[in-house]
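For reference, the structure is listed below as structure tokens.
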Amino acid sequence: QSMKVVLVTGGSGLVGSAIKKVVETEEKREDEKWIFLGSKDGDLCDEAATIAIFEKYNPTHVLHLAARVGGLFANMNDKVGFYRDNMRMNENVIHTCYVRKVEKCVSCLSTCIFPDIATYPMDEDTIHKGLPHTSNFGYSYAKRVIDVQNRIYNDQFGCNFTSVVPCNVYGPHDQWDLSKSHVIPGLIHKAYLAKQNGQALKVFGSGKPLRQFIFSEDLARLMIWALREYNSPEPIILSVSENDEVTIGEVSRMVSDLMGIEKDLEYVDAADGQHKKTVTNAKLRGILPNFKFTPLSEGLKQTVDWFNANYETCRK
Ligand code: NAP
Ligand code: GFB
């Protein structure tokens, strides 16, 4: 059985760190060598640097996580930058996979790229059927083009290229910088500081928007499965079910309680972004009916504990 070499671009981030933990413990296989890259290994926006990385590692499989990623406010502040960086990374990685005859490449979309006006829950066939929300217009189209690339390289060259579509992800090793973080790391970081200063947790926006949140280690297990077993170019949603949707207010209260803040939440006027982007995980359930998701309360507790223990060294 020849050795598989799995190159994980964006392997140093929130999702990559979870995959590294899972694949080096419970999911370890002797015939697989997993390599986790960060931007220090080369700027994937640069074609020559991308080619050099592929020549160095000569991967048989690629799990393409690398992206310019950020929450609502980061996207609103630089739609052009999110578009350009992600278009460049995706063009370089996916075309180099074709040139280097990589056996399989799994890339990452996101439920936030789906049409803003839709009937719910949305499924994998909905992705291109309407304009994305204005707040992340650039990022959304850069991500949607991955689906176009997968389909045309498969159609013209028979490449085994596909994509997975996570809902909002949270967990240890996230990005905690308040200027670019997603909502859960933003709330945890703000709650940590509020606790220290005897203040209330300040929530941006109305708290009314609805979100589905997947714990990073659950997503890691599902991505490792997809890399090994899922072989259609059609995207597959990797999300908790529509019944697990919570409001921003609810998740804020959970974070505030976990951080031991007695005071009630305070709401600060700010953009709400999409009201909802509810997706169904029926396609995934049809293949893995027994997969167990970590309950949000448990995942949040693990993430808050991790943040409290790693405050000095984490990305903030
Ligand atoms: P993250 O924590 O921000 O990590 C991003 C990764 O990409 C890091 O390893 C980073 O390396 C790398 N990277 C960024 N720019 C790069 C460049 N120019 N060249 C090479 N590497 C670069 O992001 P994440 O949350 O793990 O996201 C991973 C994937 O999941 C992304 O494709 C994202 O679109 C997708 N996703 C995330 C969410 C979410 O809620 N977080 C939801 C849906 C989909 P350094 O850190 O070393 O710079
Ligand atoms: O995770 P988030 O920033 O992005 O969540 P989206 C934004 C929602 O949380 C808005 C509220 O309703 C915000 O008003 N919120 C409350 C906060 N407090 C905070 C806070 O401290 N920080 C942040 N960031 N939000 C993103 C897309 O949409 O979804 C990205 O813009 C990405 O492209 C991500 O794909 C998965 O869920 O609204």
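The values are calculated or read from the model by the stated rules, or taken from the named source; none is laboratory data. On a predicted model such as this, the values are computed, not experimentally measured, just so you know. Methodologically, a virtual Cβ is constructed for each residue, glycine included, from the backbone with ideal geometry; neighbour enumeration extends over all protein chains shown. All accessible areas refer to the heavy atoms of the entire protein, side chains included, with ligands and DNA or RNA removed. Shrake-Rupley method; radii C 1.70, N 1.55, O 1.52, S 1.80 Å.
Need one number: convex hull volume per residue for the chain, Cα atoms only, in Å³.
Roughly 130 Å³ of hull volume per residue.
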If unit charges are put on Cβ atoms (+1 for Lys and Arg, -1 for Asp and Glu) and the dipole of the chain is taken about its Cα centre, the option from Pro235, Met76, Ala49 lying farthest towards the positive end turns out to be Ala49
Between Lys202 and Asp244, the FRET efficiency computed from the C-beta separation at R0 = 25 Å comes out, to the nearest 0.05, as 0.45
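At a 10 angstrom cut-off on C-beta neighbours, averaged per residue, how do the peptides 163-173, 40-50 rank from highest to lowest?
Taking the mean over residues of other Cβ atoms within 10 Å, the ranking is 163-173, 40-50.
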Simple SL model, points at 7 angstrom along Cα→Cβ for Asp125 and Phe291; separation in nm is 2.1 nm
Note to self: C-alpha centroids of region 132-157 and region 68-125 sit apart, in Å, by 6 Å
Descending packing, highest mean Cβ count within 10 Å first, for 101-108, 66-73, 195-202 is 66-73, 101-108, 195-202
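Which FRET efficiency, nearest 0.05, do Ala309 and Glu24 yield, Cβ-Cβ r, R0 25 Å?
0.80
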Rounded to the nearest 10 Å², the accessible area of Thr119 using a 1.4 Å probe with every protein chain kept is 120 Å²
Using alpha-carbon coordinates alone, the radius of gyration and Dmax of region 1-158 in Å work out to 16.3, 49
For Glu30 the rounded accessible area (nearest 10 Å², probe 1.4 Å, non-protein molecules ignored) is 150 Å²
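What is the packing order of peptides 258-266, 90-98, 9-17, taking the mean over residues of other C-beta atoms within 10 Å and listing the highest first? Could you put the intermediate results ahead of the total?
Values: 258-266: 14.0, 90-98: 20.3, 9-17: 22.7.
Those peptides, ordered most packed to least, come out 9-17, 90-98, 258-266.
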With all protein chains present and a 1.4 Å probe, the order of Glu55, Glu312 from largest accessible area down is Glu312, Glu55
Counting only protein heavy atoms and leaving out ligands, DNA and RNA, the solvent-accessible surface of Tyr192 at a 1.4 Å probe, in Å² to the nearest 10, equals 40 Å²
Residues whose modelled amide H sits under 5 Å from the amide H of Arg315, counting only those 5 or more places away in sequence or on another chain, are Trp176
Longest principal axis of the chain (C-alpha) makes with the long axis of helix 216-229 (C-alpha) an angle, in degrees to the nearest 10, of 20 degrees
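What order do Tyr83, Tyr230 take when sorted by accessible area (1.4 Å probe), most exposed first? Could the numbers behind the result be given before it?
Numbers: Tyr83 95, Tyr230 15 Å².
Descending accessible area places them as Tyr83, Tyr230.
Quick one, what does Rg over Rh come out to for region 86-150 if you take C-alpha atoms and the Kirkwood Rh?
Working: Rg = 13.1 Å, Rh = 12.7 Å.
Rg/Rh for region 86-150 comes to 1.03.
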